[in-house]
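First comes the structure, then the notes that go with it.
The values are calculated or read from the model by the stated rules, or taken from the named source; none is laboratory data. For clarity, every value in this text was computed on a predicted model and none was experimentally measured. Cβ sites come from the backbone with ideal geometry, for glycine too, and all protein chains shown count toward neighbours.
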Amino acid sequence: MCVCDLSPFRFYRLLHPLSPQGKLVHLGLEGLHATNTLLNVSMEYEKGCILQDELYRVAVNHQHLEVLMETADRLPRIAEWIPRQQLPWMAQEQVLGALRLHSGCKVVHVPSYLKGLYQAIQSTGNGSKEWIVIGNDSDTKGLSLEERTAAFDAIVLAAGSGLFQDSIITDKMPIQLVRGQSIEMTLKDLNLKSAMLCGKYVSPLLEENRVLIGATHEFKEQALDDDQVRSELRERTDDFAADIWEDGTIDKITCGFRVQSNRGKYGRMPLLGKYDCAFHPNAWIFTGLSSRGLLHHGIFGEILARKIIGDETELFDEYLHWWQGRTSKQE
């Protein structure tokens, strides 16, 4: 059994292995390969889970330019530097060029991706499969977590922020809950075909002439109001997407939370491993992937799955249980 969760602002995600500074993150290429393997499985059932098969990291100053050109030299398999004049859209004057990320880098529609994976699971194995929605009385039938999980040999708690917001986990952990708000917008005359990011992202949606801009990064208990969200996101994207703001009309602002772990020697790693759970004797935890959930869920999910079934082959034990005994620190 796996208890999992979707947050609204995560419905569209950009898959790539680079940090905000344009550097390759730890296990970046391995994670990219693992996620694409799962995407290929999902696409057998849900063809629409991939919106774009490339995206662009934009340079708006000479520091960006230098770093991204170096990245193109180091990672030619997935990255190509494109001068401003050759970009597939009419770039603003502040844009000096962009790093085209391809060969596995994608824009993913997460609900379709997960739906396809679930259908793949249903088509294999002889065990029982049941999709339960927490909070839906018709599904939970008023049962406690202990009663609902009693029939399972093992459970994996992988509900992201829901684990902590719904008090499934009450222990102190080395994490922070980060609020993210994004804007969905309809364009009047423009037709954005490419996803772009430069600190924040601008991406086409499934529907024609609609885009997603996001996301804020909020630690405070009180959320930014709508005007503050518009102001922050416009300020952070105006250098490369001013024409989108001038042409578009805001439809709605979505909000969700992600679990961000404290930094370690490999950056922010997920909370992964055996968990001493009050309502099940064989519980495991998989959360804290933060903004790298799409990139790292496949490779760390495989590590955890092998550990659960007792297969020690090529396991990275240093990624397991690092979080035990540590507590949160605000950044």
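Observations on the structure shown:
- The condition of being over 23 Å from Leu212 (Cα atoms) and touching a His at 6+ places or on another chain (Cβ under 8 Å) holds for only one of Leu65, Leu51, Leu27, that being Leu27.
- Residue in segment 204-211 that is touching a Lys or Arg at 6+ places or on another chain (Cβ under 6 Å), assigned to a strand (DSSP E or B) and of a type in the set (D, E, K, R) present: no
- Number of the condition not met by Arg306 [criteria: (1) in contact with a helix residue (DSSP H, G or I) (Cβ under 7 Å, 6 or more places away or on another chain); (2) in a helix (DSSP H, G or I)]: (1)
- Picking from residues in segment 148-180 that are in a strand (DSSP E or B) and among the aliphatic types (A, V, I, L, M), the one that is farthest from Val259 (Cα to Cα) is Ile155.
- Of all the numbered requirements in (1) in contact with a Gly (Cβ under 9 Å, 6 or more places away or on another chain); (2) modelled with pLDDT of 95 or more, Arg13 misses one, and that requirement is (2).
- Leu117 meets the stated requirement of being crowded, with 17+ Cβ neighbours inside 10 Å, touching a residue at least 12 places away in the same chain (Cβ under 8 Å), closer than 20 Å to Thr37 by Cα and under 26 Å from the mean Cα position of the chain (by Cα).
- Being hydrophobic (A, V, I, L, M, F, W, C), surrounded by 16 or more Cβ atoms within 10 Å (Cβ to Cβ) and touching a helix residue (DSSP H, G or I) at 6+ places or on another chain (Cβ under 9 Å) is a property that holds for Leu32.
- Segment 240-277 - residue that is assigned to a strand (DSSP E or B) and out of contact with any helix residue (DSSP H, G or I) (no Cβ under 9 Å at 6 or more places or on another chain) and, of those, nearest to Phe316 (Cα to Cα): Leu271
- Residue ID - modelled with the lowest pLDDT, chosen from residues in segment 135-146 that are closer than 17 Å to Ser167 by Cα and assigned to a helix (DSSP H, G or I): Thr140
- Qualifying residue in segment 7-26 (condition: within 16 Å of the chain's Cα centre (by Cα), surrounded by 17 or more Cβ atoms within 10 Å (Cβ to Cβ) and more than 29 Å from Ile244 (Cα to Cα)): yes
- Restricting segment 88-107 to residues that are of a type in the set (A, V, I, L, M) and either within 28 Å of Asn40 (Cβ to Cβ) or at pLDDT 95 or above (or both), the residue that is nearest to the chain's Cα centre (by Cα): Val107
- Considering residues of segment 181-203 that are part of a loop (DSSP other than H, G, I, E, B) and hydrophobic (A, V, I, L, M, F, W, C) only, the residue farthest from Tyr12 (Cα to Cα): Leu190
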